[in-house]
Amino acid sequence: MTGIIHSLWTTAADPALPLDRIPTPKIEYAQLSPVLIVFGAAVLGVLVEALLPRRGRYVAQLGVSVVGLAAAFAAIVALAADGYASTKSHIAAMGAVAVDGPALFLQGTIVLVALVAAFTFAERRLDPLVHGRRVDSFAAQGAAVPGSEQEQRAVRAGFTTTEVFPLLLFAVAGMMIFPAANDLLTLFVSLEVFSLPLYLLCALARRHRLLSQESAVKYFLLGAFSSAILLFGIALLYGYAGTISYGGIADVVSGTARMTPALANTTANDALLLIGGSMVVVGLLFKVAAVPFHMWTPDVYQGAPTPVTGFMAAATKVAAFGALLRLLYVVLPGLRWDWRPVMWGVAIATMVIGAVVAVTQTDVKRLLAYSSIAHAGFILAGVIAVSPDGVSSVLFYLAAYSFVTLGAFAVVTLVRDAGGEATHLSRWAGLGRRSPLVAAVFAVFLLAFAGIPLTSGFAGKFAVFKAAAQAGAVPLVIVGVISSAVAAFFYIRVIVLMFFSEPQPGGPSVAVPSPLTVTAITAGAVMTLVLGVAPQYFLDLAGKASVFVR
Amino acid sequence: MDHLIGALVGAPLLGAGVLLAGGRRLDRAGHWIGCLLAAVSFALGAALFADMLGKPTGQRTLTSHLFSWVPVGGFRADVAFQLDQLSMTFVLLITGVGTLIHIYSVGYMAHDENRRRFFGYLNLFLAAMLLLVLANNYLLLYAGWEGVGLASYLLIGFWQHKPSAATAAKKAFIVNRVGDMGLSIAIMVLFTTFGTFSFAPVFAHATSASQAKLTVVGLLLLLGACGKSAQVPLQSWLGDAMEGPTPVSALIHAATMVTAGVYLVTRSGVIFNAAPTAQLAVCVVGAVTLMFGAIVGCAKDDIKKALAGSTMSQIGYMMLAAGLGPIGYVFAIMHLVTHGFFKAGLFLGAGSVMHGMNDEVDMRKYGGLRGYMPITYVTFGLGYLAIIGFPGLSGFWSKDKIIEAAFAKGGTEGWILGGVALLGAGITAYYMTRVMVMTFFGERRWQPAPEPDTAPSVEPGIEVHPGDLPHPHESPKVMTIPMIVLAVGSVFAGGLFSINSAFVKWLQPVTGHSEGHSPVTTGEVTAATLVVLAVGVALAWAQYGRAPVPVTAPRGSLLTRAARRDLLQDDFNHVVLVRGGEHLTRSLVYLDHSLVDGAVNGTAASVGGLSARLRQVQNGYVRSYAVSMLGGTAVLVAATLLMRAV
């Protein structure tokens, strides 16, 4: 039973080993501390929910989340400063979790995004007072049937769903493991760990509750479907390689692993490898919203509470692209001649369809959803490069994109009328006349989405297209640039609408947010401009963090 | 020390950011924040200057590389600064005079409710101008160049409620675009020729490029310089730019903006030295503008517009000098600095007069003001003596050198250019004496306001009095002190620079210097200049000092009438450019409608149609979505397998 890399998951299940020889798993707590801190904070949040009186929960939950996330970020920085991002990077927890440059970079991005998102979750000044109490964007009582007597009672009692904070933290912890997962089961478990809280969060909108619940159910059903495909793929890969660890599978693919006699008949069956590999990739493409696995995106983005949409759009994409990168670069690099052409097709379809369909959208949130699909296509172009430049450009793009997205959705929460957020585009006409600052900030975000120079969007797009072109994917870059041009149309159209149309009488007003949302929007705008004007430092940082541990 | 260079630009930029983003909260302190950051920038400049003086001549250039913006292949867009003697001179002028103008504006704009915004723009102006002169490559210089254009647009149109101000701002911006186009094409040609934007490598290899290319680059750079420096044929915006608040005029005319063109030509001296045709073009433009501005200045009755004509003419001197090559660069910059002092002083003085006269700008309605505003009279008078080149004052030292250098060019060209420069000195004396006499001497041609019940307000700004009649008074200290400081500079700067040829020695390592072979001696030039000067002053005195000045302007000769209309510049632009442009656009619009639109609209329609069709797929049913996922998975798996099979 030598030759196969042991891992936390398979050791116990291996029938060849006598039970009394199960070794104690070795867990490097210090290296896993970022994730453990977030999990700890999440558990603490559950306790707060259970033990504290209702009045104190909001402040306590916000405090726990902010402190937990900040501590996790500090831990990530400490690990990186200690050299875990470069020289000391290795695989922790019995081969289950990688601690290396890409993992730490992406975890850092996710934690920062979550920190900013926590501020938008906690915003309580935008909605009008309900029975004299300040409320946030979340339902008074998630379990109450919309429109029922129970719901009205909950509203009257001034309930708020502070459970969103522990849910957010659980999702964040899952997302942090996802790009660091170094075996297929960890990958699957972390996928579920971050997906389930997201399904719940989607269902918790205070306004338009039916739309919100519908989006959650759609997301859940399709997410479950994609999880099943992913799991099936994992099973096939295990059948192919006899191991679920990334390194082990890669060894079998490259033919350097020694075969176990028991599995010799089935292993190295290329059909299993190809089918299994592509099914796992499909599972991840679902999460990044690549065509044709993108259809949940507009419906869910529209229905979910806007702070959740912002968080989901930013952080899920980071985590899922991280996992996709690791899978393609660590497990399947030997297969690149098989998967690259297919991914070419997916990238082209994603860019084109995302950009083209966005042209006829009339709802801001749906527009941003399609724009996120198009952006997934651009990022895929960087993934396909299969080079260190490709990795660093994708890392940079993800960091840049996630802050633009968070900022943009935070602005969407501000534009309101009597029915809550006014998301129909026609309602945004002339916004620049009434609220020049808000419109200008949104315009900055839109320009960043469109990839106009001096915004982070340009630097990111430039980096991925450059990496793709250097890797020989010139046609892909051409399609990408054309799609960008199409995409620029609908971004600029919103700017034109805001600044050059007459305001509607009785149009929406811009709510004055608390410092929480102001901080979130400012963070987004500052990151957008800093990464756009002086991207070199961050490109270098991403470049240094671009080597995967094997 | 080199890290301070970034802070030099950063301080006013920070000020602009804070003041513009800070909103009404900063209304009460905003103007002092603006002044403080301008002063900080000046202090940093002075510290760097002291540091530079302590170093041997060969090691005075400091560089500071902040970061590179998207380097790819051979393309490097560096944000990097270079501080040598030339930039240092500009830094001190921009921040020094700029700070004084900031302080003056505190008083001048005291009653304007948008004073904070005004100071934000002023800071932005300084930051852009500093970026322009500190950049170590053409691309960053261009960023500063455009920043200056933006800031001038915002400031000229600051009183945008006046249609004339809004129009003037647009005019300045559009005319400048023409010049900017030239500069940007020049930069592109430079990049394709030398493969870099940085000054050092471009200048090192300048001579290796073909003569034709260098001439093209030189002419394009000249076009850019014409726009910013208001040289013929792109001069038309300068007069209208007087619509901005007077401190803005002072800033544009003395410390920033119009000096940018001279800087560009001097900085690119290596290129011009290698392209004699372009160099001659610079001289011709300078000489023509010199006369143009002087003639316009003689006919204007609006005090600010007369001064604007004079600026145009003085910048013409600088351009002429810069076009002379190594004989002239140093004197171009020296005149630029001395001009910075006295022109700023003159504009601030004009502002002070207007402030006391209910914003009246027509000199025919002034007269005899010297008793009412003595400080303004003395400081304005010193600026006047400096600009006409009164012996011993600043203008004398710098302008004489330019005239001398023009003769030193040699040959027929030298005689023509020298003659024009000499004649210009006489006209300068004439129109400046006219301004001085009409404003401060003679009998008063205004109706004094009846004494108000309370003591006359010493508050500056726009005041409304019974019947809107003026009651001239001296301005508050916050306005007079900057004027006094500038007057001191107008008197002594030129002399200080000339002691032991200090300025020539200072700038020589950057621009190079040669004496040339003058057909006339220094003594002869000085004597001739003084004679011309005396004639000019005497003529003006005879015309405006001895005889009474009519309150309504006489019809005047054909030339006077043309000069009042800025020598028909706008009529020319209208007939040739606007009409011609209209014809061109009309035919282009026709082409556009028939050909381009067809293609564009066709594409747009097909994208839109495709979009609408693809949208149908998004029907909201989970079952359809799931089917699409299943189909997608099947296709993906099949395609992967197929790839292996092929």
Do you know which of the residues in the range B:142-181 that are aromatic (Phe, Trp, Tyr) and over 22 Å from residue B:574 (Cα atoms) is surrounded by the most Cβ atoms within 10 Å (Cβ to Cβ)? B:145
If residue A:414 satisfies all but one of (1) in contact (Cβ under 8 Å) with a residue 12 or more places away in the chain; (2) within 11 Å of chain B (Cβ to nearest Cβ), what's the number of the condition it fails? (2)
Can you name the residue in the range A:509-550 that is free of Cβ contacts under 8 Å to residues at least 40 places away in the same chain and surrounded by 15 or more Cβ atoms within 10 Å (Cβ to Cβ) and is also farthest from the other protein chains (Cβ to nearest Cβ) among such residues? A:518
For the range A:199-225, which residues satisfy the criterion of being within 14 Å of chain B (Cβ to nearest Cβ) and surrounded by fewer than 19 Cβ atoms within 10 Å (Cβ to Cβ)? A:210, A:211, A:217, A:221, A:224
Among residues of the range B:625-646 being surrounded by fewer than 13 Cβ atoms within 10 Å (Cβ to Cβ) and of a type in the set (Gly, Ala, Ser), the residue nearest to the other protein chains (Cβ to nearest Cβ) is B:631
Can you pull out the residues in the range A:417-461 that are closer than 26 Å to residue A:316 by Cβ and either without any contact (Cβ under 8 Å) to a residue 40 or more places away in the chain or small (Gly, Ala, Ser) (or both)? A:420, A:422, A:443, A:448, A:450, A:451, A:452, A:456, A:457, A:459, A:460
Regarding the range B:50-73, can at least one residue be identified that is within 14 Å of chain A (Cβ to nearest Cβ), out of contact with any strand residue (DSSP E or B) (no Cβ under 6 Å at 6 or more places or on another chain), closer than 22 Å to residue B:6 by Cα and of a type in the set (A, V, I, L, M, F, W, C)? yes
Does the range A:50-71 include one or more residues that are of a type in the set (Val, Ile, Thr), within 20 Å of residue A:398 (Cβ to Cβ), in contact (Cβ under 8 Å) with a residue 12 or more places away in the chain and out of contact with any Pro (no Cβ under 9 Å at 6 or more places or on another chain)? no
Given (1) over 22 Å from the mean Cα position of the chain (by Cα); (2) part of a helix (DSSP H, G or I), where does residue A:462 come up short, assuming only one miss? (1)
Looking only at residues in the range A:185-198 that are under 17 Å from residue A:121 (Cβ atoms) and of a type outside the set (Phe, Trp, Tyr), which one is nearest to the other protein chains (Cβ to nearest Cβ)? A:198
Condition met for residue A:178 (in a helix (DSSP H, G or I) and either touching a strand residue (DSSP E or B) at 6+ places or on another chain (Cβ under 8 Å) or crowded, with 24+ Cβ neighbours inside 10 Å (or both)): yes
Result of the Cβ filter at 7 Å on the range A:483-495, keeping first residues that are closer than 17 Å to residue B:610 by Cβ and partners that are among the β-branched types (Val, Ile, Thr), at least 6 apart or interchain, is A:483/A:352; A:486/A:356; A:486/A:359; A:486/B:607; A:489/A:359; A:490/A:359
Filtered residues of the range A:202-212 (kept if within 21 Å of the chain's Cα centre (by Cα) and closer than 15 Å to residue A:145 by Cβ): A:203, A:204, A:205, A:212
Report, ordered by the first and then the second residue, all pairs with beta carbons closer than 8 Å, sequence separation of six or more or different chains, a first member in the range B:604-617 that is over 10 Å from residue A:357 (Cβ atoms) and within 7 Å of chain A (Cβ to nearest Cβ), and a second member that is of a type in the set (S, T, N, Q) and not in a helix (DSSP H, G or I). B:608/A:360
For a quick check of your reading of the model, give me the residue pairs whose first member lies in the range A:339-360 and is within 9 Å of chain B (Cβ to nearest Cβ), whose second is among the charged types (D, E, K, R) and surrounded by fewer than 21 Cβ atoms within 10 Å (Cβ to Cβ), with beta-carbon atoms closer than 8 Å and at least 6 apart or on different chains. A:357/B:615; A:360/B:615
Hey, which of the helices (runs of 4 or more DSSP H) in the range B:547-646, taking only ones fully inside, have at least 3 residues that are closer than 30 Å to residue B:234 by Cβ? B:558-564, B:569-572, B:580-591
In the set B:552, B:560, B:585, the lone residue that is surrounded by 12 or more Cβ atoms within 10 Å (Cβ to Cβ), polar (S, T, N, Q) and away from chain A (no Cβ under 14 Å) is B:560
Here's a check for you: in the range B:512-530, which residue that is under 15 Å from residue B:410 (Cβ atoms) and not hydroxyl-bearing (Ser, Thr, Tyr) is surrounded by the most Cβ atoms within 10 Å (Cβ to Cβ)? B:525
Go through the residues of the range A:303-318 one by one and say whether even a single one is facing chain B (nearest Cβ under 10 Å), part of a helix (DSSP H, G or I) and of a type in the set (Phe, Trp, Tyr). no
Looking only at the range A:304-317, decide whether some residue is within 23 Å of residue A:478 (Cβ to Cβ) and either of a type outside the set (Val, Ile, Thr) or surrounded by fewer than 22 Cβ atoms within 10 Å (Cβ to Cβ) (or both). no
Failed condition for residue A:228, given (1) more than 14 Å from every other protein chain (Cβ to nearest Cβ); (2) within 25 Å of residue A:343 (Cβ to Cβ); (3) surrounded by fewer than 18 Cβ atoms within 10 Å (Cβ to Cβ); (4) modelled with pLDDT of 95 or more, with all others met? (1)
Report, by residue number, each residue of the range A:231-254 that is within 14 Å of chain B (Cβ to nearest Cβ) and in contact with a Leu (Cβ under 7 Å, 6 or more places away or on another chain). A:236, A:237, A:240, A:253
Test residue A:448 against the stated conditions and say whether it is within 14 Å of chain B (Cβ to nearest Cβ) and farther than 15 Å from residue A:381 by Cβ. no
Helices (runs of 4 or more DSSP H) contained entirely in the range B:118-224, each with at least 3 residues that are closer than 23 Å to residue B:235 by Cβ and in contact with a strand residue (DSSP E or B) (Cβ under 9 Å, 6 or more places away or on another chain): B:138-156
Tally time: how many residues in the range B:60-112 are crowded, with 22+ Cβ neighbours inside 10 Å and in a loop (DSSP other than H, G, I, E, B)? 1
Positions within the range A:433-458 being small (Gly, Ala, Ser), over 10 Å from residue A:532 (Cβ atoms) and part of a helix (DSSP H, G or I), in sequence order: A:439, A:440, A:443, A:450
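The values are calculated or read from the model by the stated rules, or taken from the named source; none is laboratory data. The shown structure was predicted, so the numbers you read here are calculated from the model rather than taken from an experiment. Cβ sites come from the backbone with ideal geometry, for glycine too, and all protein chains shown count toward neighbours.
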